[in-house]
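The values are calculated or read from the model by the stated rules, or taken from the named source; none is laboratory data. Given the structure is predicted, the values throughout are model-derived calculations rather than measurements. When we count neighbours, we look across all protein chains shown, and the Cβ atoms used for this are built from the backbone with ideal geometry, even at glycine. Accessible surface areas use protein heavy atoms only, side chains included; no ligands, DNA or RNA. Shrake-Rupley method; radii C 1.70, N 1.55, O 1.52, S 1.80 Å.
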Amino acid sequence: MNATSVTTVFDAILGSLQKAADYNRDDTVPPAAVLWPDEKREWEKLVPRLRSVLPQFLIFGPYDAVHRSGPAIWLRCVLAGQIDGVKLPTGTVPIIYLPGVSRATLRATEECPPELKPLAELQFRGVIWSQANAKDFTIAAFLQTEKGGLGLTLAKDHASATSLQRALVKLADAPVADLQAKSAAGELNSHYFDSLVSDDLVDDLLSWMSRPQETRSNWEPGRWETLCSRCLADYGFDPAEEGELVGAELLGQQTKPAWKSAWKRYAAAPARYPGLVELLRRAKPETTGKTLFDGARVEPWPQDNEAAEAELREELLRLPNEPVATARQILIQLEAANRHRRDWVWAPLQRAPLARAILHLASLAERTQLPLTGATTGELVRAYVDGGWRADAAVLDSLADLSHPLDQEAVCAAISHVYAPWLRDAAELFQKQLQHHPLPGRESPRLTPVTGGTCVLFADGLRYDVGQKLLAAVSSLVGDIAVCHQFAAIPSVTPTAKPAVSPVATSIAGATAGEEFRPTVDRAVASDAGIAGASQELTIDRFRKLLEHDGFQVLGPNDAGDPNGRAWAEFGNLDATGHQEGIGLARRLPELVVALTRRIESLLAAGWREVRVVTDHGWLLLPGGLQKADLPKFLTQTRWGRCAVVKPNATVDFPTFNWFWSDHVTVACPPGISSFIAGREYNHGGLSVQECVVPQFSIRAGKPTPVVAKFETVKWSGLRCRVKVTGAFQGCRVDLRDKAADATTSLAAARPVGDDGTAAIVVTTESREGSATTLVLLDPTGSVVDKRLVTVGG
């Protein structure tokens, strides 16, 4: 496992479990389950937390449906979907934790205990979470192994092993970067593991308030008594006499410096104390004398954040009642009124999704205030690639963090109102200009000659703005990247446009578009390539034969091929996801971009000198669906959402153009951003810059270009430091360190720089106020690219 891709040990565990459950969605069925044997019950203390974040997590043990625990036969019924009230999330692979059971016990089918036998056969239809050597994952093994674990070096003595098991709960939240540094220094020993469970009053207090009974039951003798004594002296609060509810009220009110420090600790890592959310809700005094405008003071109470979210939701829902120009100004004003809530503790807990979305909606409003224009097709395209695509990106970003239908409804209402007119006007202008300045035809190759050592990686539906997300993701991982834009073959649908961007485009011709807009194989080439039969339509099989005939290796999803030759590979999940999920694509994009990035990395690591990323088309995405354009069916030979083949001698009152593969086939396009098929949120095939202007990348292996970014402004608000970064800051992080190059001297967890170039970082130690430290800007590799001496608190 690449430990730098996770934040904490717990993240690494989740990632390893997910990797065990991965499978090729195109070629295989999912595993029936991931079996997690734990003979010595070393991992048992993490079960409550795993159960809270993994709805597919099941436990072999006493029957307890509420906690998804039960005997083997009950678990089999759960897997079969036969237990009322226990439903596993669609699309996930169940994880079955087996405390007290070893892999060897499972494998010994004949000697397997009767109570376990109903699960034994799952090892053949599922997978076992274990080491590469087939041994069970103990805590120490997971930390030490390089394959599937973190690759750390631990002390081998008995004391360290005992301390490690005792420290598991707190070790789960230890940053992987810290563990790597201590591993390199030989400091992962009993002293370090004991320090994780030493007397940390603030953490003990917050942990107890979050889960009172569970926390006390996990504490060693004397720890509770110590907490009560220290709290009475430092906080003026007796946990034993007053209870967690009074403690939560005092935590929220922050009337003493000690309580302020406790709140800052909570705000720095709120996910560590999940029970505090509802406890603070219950603890809020009936009258606080505070208003939503007093942002810094009402942060502790979840009701106030929820009220602000509800108010913002209503504002967004009312937006369609306003003129478009006014609506855009309102979005900008709403961003100014809500931006402070992104610094509240509720934002990292995913309880302020609209506060996040309004940032991107305001960007959308600003980007669409001016129309996308140009006197010629070329000028309009240039305006789009020079920045017009950012409006499309803002739409995707505003939808990316939304899961609740009410939030989606509100954001979609705002998007449709301010984005649709801008999108429509740009498409209509593009269609008008194409009448005088058409897109290049077959005479202009969509792909330059491919030399040896190059793999052409085809990504279906890589729209220009998504291409920029890919560019940001890979730029810090590879060497030289050459970027350009290209024009999709029209209509911009895969059967037409994919062959045009392939290395065998010159071996393809066109006669009739048929129902699928497929061209045909050139007959002269067909016989040489071993393609026989009366029908020469370009099927997938014939396309691959043409590639192989031309000397290209056709790689499977996980194949590396021979990097000394030439190859064609494909990544096709993006377009399929758009067609299946509509606006749901926005939430899936990050994982799709990550998967495409990993494919590029793997090809370069296999020895390919160049990976050429190409695509066939972009797309339109509009919440609520594209407006219907009526085209009588009797006038067409085939009709898709954004294009239709017009029958010979028929006349239609729509923009028309020649099919890319034949000048004798006329294709009609609905005007603007409308569709011949109603209800489609995601569609392509028509004439718009979003559909027809696509990115191409030439990516070479080597050291990444150094990040050029720097601090622009630094402002303190109490112990919260807010910064603005300029330059190429994608993937950068901000940290406060006593020694710039030493991560172990950090005063707080490093924070990522946002899409708008801003970041906020909180110092959790009250006593550091007024002391000197260094503000550092880290590139994606962790190297310092800028630094400033600062005084904590300003």
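Provide a single number: the residues in region 39-63 that are over 32 Å from the mean Cα position of the chain (by Cα) and without any contact (Cβ under 8 Å) to a residue 24 or more places away in the chain. Steps first, answer last, please.
Within region 39-63, the first condition is being over 32 Å from the mean Cα position of the chain (by Cα), and the residues that meet it are 39-41, 61-63.
Checking which are without any contact (Cβ under 8 Å) to a residue 24 or more places away in the chain leaves us with 62-63.
Counting residues in region 39-63 that are over 32 Å from the mean Cα position of the chain (by Cα) and without any contact (Cβ under 8 Å) to a residue 24 or more places away in the chain gives 2.
Return a yes/no flag: does region 476-499 have any residue that is of a type in the set (Asp, Glu), crowded, with 21+ Cβ neighbours inside 10 Å and in contact (Cβ under 8 Å) with a residue 12 or more places away in the chain.
Step one: list which residues in region 476-499 are of a type in the set (Asp, Glu), which gives 480.
If we keep only those that are crowded, with 21+ Cβ neighbours inside 10 Å as well, we get none.
Scanning region 476-499, I find no residue that is of a type in the set (Asp, Glu), crowded, with 21+ Cβ neighbours inside 10 Å and in contact (Cβ under 8 Å) with a residue 12 or more places away in the chain, so the answer is no.
Determine, yes or no, whether Gly625 is under 38 Å from the mean Cα position of the chain (by Cα), open to solvent by 30 Å² or more (accessible area, probe 1.4 Å) and more than 20 Å from Leu434 (Cβ to Cβ).
Values: under 38 Å from the mean Cα position of the chain (by Cα): yes; open to solvent by 30 Å² or more (accessible area, probe 1.4 Å): no; more than 20 Å from Leu434 (Cβ to Cβ): yes.
Criteria not met by Gly625.
So which of Ala240, Ala248 is assigned to a helix (DSSP H, G or I), buried (at least 20 other Cβ atoms within 10 Å of the Cβ) and touching a helix residue (DSSP H, G or I) at 6+ places or on another chain (Cβ under 6 Å)?
On the way: Ala240 fails: buried (at least 20 other Cβ atoms within 10 Å of the Cβ).
Answer to the check: Ala248.
Of everything in region 608-622, what is surrounded by 21 or more Cβ atoms within 10 Å (Cβ to Cβ) and either hydroxyl-bearing (Ser, Thr, Tyr) or not in a strand (DSSP E or B) (or both)? Give them in sequence order.
Selection gives Trp608, Thr615, Asp616, His617, Gly618, Trp619, Leu622.
Kindly provide the set of residues from region 367-381 that are surrounded by fewer than 17 Cβ atoms within 10 Å (Cβ to Cβ), part of a helix (DSSP H, G or I) and in contact (Cβ under 8 Å) with a residue 24 or more places away in the chain, ordered by number. Spell out the reasoning first.
Taking region 367-381 as the starting set, the residues that turn out to be surrounded by fewer than 17 Cβ atoms within 10 Å (Cβ to Cβ) are 369-371, 373, 375-376, 378-379.
In the following step, the residues that additionally are part of a helix (DSSP H, G or I) were identified as 378-379.
Scanning region 367-381 gives a single hit, Gly378.
Going by the structure shown, is Gly514 open to solvent by 20 Å² or more (accessible area, probe 1.4 Å), at positive phi and either modelled with pLDDT under 85 or in contact with a Phe, Trp or Tyr (Cβ under 9 Å, 6 or more places away or on another chain) (or both)?
Yes; evaluated as a whole, the condition is true for this residue.
Which residue is most open to solvent (accessible area, probe 1.4 Å), if the candidates are limited to region 698-714 and must be over 30 Å from Gly584 (Cα atoms) and aliphatic (A, V, I, L, M)? Don't jump to the end; show me each part of the working.
Looking only at region 698-714, we keep the residues that are over 30 Å from Gly584 (Cα atoms), and these are 700-714.
From the residues that got through so far, the ones that are aliphatic (A, V, I, L, M) too are 701, 707-709, 714.
On the way: Ala701: 59, Val707: 35, Val708: 108, Ala709: 10, Val714: 40 Å².
Going through the qualifying residues, I end up with Val708.
Restricting attention to region 414-439, report how many residues are open to solvent by 20 Å² or more (accessible area, probe 1.4 Å), touching a Ser or Thr at 6+ places or on another chain (Cβ under 7 Å) and not aliphatic (A, V, I, L, M).
1
A quick yes/no check of all residues on (1) touching a His at 6+ places or on another chain (Cβ under 7 Å); (2) buried (at least 19 other Cβ atoms within 10 Å of the Cβ); (3) at pLDDT below 90; (4) closer than 20 Å to Cys455 by Cα:
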{"site": "Ala524", "(1), (2), (3), (4)": "no, no, yes, no"}
{"site": "Ser527", "(1), (2), (3), (4)": "no, no, yes, no"}
{"site": "Gly533", "(1), (2), (3), (4)": "no, no, yes, no"}
{"site": "Asn564", "(1), (2), (3), (4)": "no, no, no, yes"}
{"site": "Glu570", "(1), (2), (3), (4)": "no, no, no, yes"}
{"site": "Gly578", "(1), (2), (3), (4)": "no, yes, no, no"}
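Does Glu42 satisfy the criteria of being in a loop (DSSP other than H, G, I, E, B) and modelled with pLDDT of 90 or more?
Numbers: in a loop (DSSP other than H, G, I, E, B): yes; modelled with pLDDT of 90 or more: yes.
It is true that Glu42 is in a loop (DSSP other than H, G, I, E, B) and modelled with pLDDT of 90 or more.
Quick test for you: out of Leu179, Leu119, Leu143, pick the one residue that is at pLDDT 85 or above, surrounded by 18 or more Cβ atoms within 10 Å (Cβ to Cβ) and more than 32 Å from the chain's Cα centre (by Cα).
Values: Leu179 fails: more than 32 Å from the chain's Cα centre (by Cα); Leu143 fails: more than 32 Å from the chain's Cα centre (by Cα).
Being at pLDDT 85 or above, surrounded by 18 or more Cβ atoms within 10 Å (Cβ to Cβ) and more than 32 Å from the chain's Cα centre (by Cα) holds for just one of Leu179, Leu119, Leu143, which is Leu119.
I'm trying to understand the selection: among the residues of region 301-313, which are in contact (Cβ under 8 Å) with a residue 24 or more places away in the chain and within 28 Å of the chain's Cα centre (by Cα)? Before the answer, list the steps.
Of all residues in region 301-313, those in contact (Cβ under 8 Å) with a residue 24 or more places away in the chain come to 301-302, 305-306, 308-309, 312-313.
Within region 301-313, Pro302, Asn305, Glu306, Ala308, Glu309, Leu312, Arg313 qualify.
When you check Leu106 against the structure, is it of a type in the set (A, V, I, L, M) and without any contact (Cβ under 8 Å) to a residue 60 or more places away in the chain, yes or no? Outline the logic, then answer.
Values: of a type in the set (A, V, I, L, M): yes; without any contact (Cβ under 8 Å) to a residue 60 or more places away in the chain: no.
When the stated conditions are applied, Leu106 does not pass them.
Condition check ((1) within 27 Å of Gln468 (Cβ to Cβ); (2) among the polar types (S, T, N, Q); (3) part of a loop (DSSP other than H, G, I, E, B); (4) open to solvent by 20 Å² or more (accessible area, probe 1.4 Å)) across all residues:
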| position | (1), (2), (3), (4) |
| --- | --- |
| Thr726 | yes, yes, no, yes |
| Val734 | yes, no, no, no |
| Ala741 | no, no, yes, yes |
| Ala748 | no, no, yes, no |
| Asp755 | yes, no, yes, yes |
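If we scan region 566-582, do we find a residue that is over 27 Å from Ala413 (Cα atoms), in contact with a Phe, Trp or Tyr (Cβ under 7 Å, 6 or more places away or on another chain), assigned to a helix (DSSP H, G or I) and not basic (Lys, Arg)?
The answer is no; no qualifying residue exists.
Please work out which residue is nearest to the chain's Cα centre (by Cα), limiting yourself to region 64-91 and to residues that are within 21 Å of Val29 (Cβ to Cβ) and among the aliphatic types (A, V, I, L, M). Steps first, please.
Within region 64-91, the subset within 21 Å of Val29 (Cβ to Cβ) is 75-82, 87-91.
Filter once more, keeping what is among the aliphatic types (A, V, I, L, M): 75, 78-80, 88.
Working: Leu75: 31, Val78: 29, Leu79: 28, Ala80: 30, Leu88: 22 Å.
Taking the candidates together, the pick is Leu88.
Checking the conditions here, which among Ala134, Ala108, Ala184, Ala104 is aliphatic (A, V, I, L, M), on the phi > 0 side of the Ramachandran plot and open to solvent by 30 Å² or more (accessible area, probe 1.4 Å)?
Working: Ala108 fails: on the phi > 0 side of the Ramachandran plot; Ala184 fails: on the phi > 0 side of the Ramachandran plot; Ala104 fails: on the phi > 0 side of the Ramachandran plot.
The conditions single out Ala134.
Of the residues Val29, Val86, Val34, Val66, only one is touching a residue at least 40 places away in the same chain (Cβ under 8 Å) and either open to solvent by less than 10 Å² (accessible area, probe 1.4 Å) or not basic (Lys, Arg) (or both); which? Lay out the reasoning, then the answer.
On the way: Val29 fails: touching a residue at least 40 places away in the same chain (Cβ under 8 Å); Val86 fails: touching a residue at least 40 places away in the same chain (Cβ under 8 Å); Val66 fails: touching a residue at least 40 places away in the same chain (Cβ under 8 Å).
Criteria check complete, one pass: Val34.
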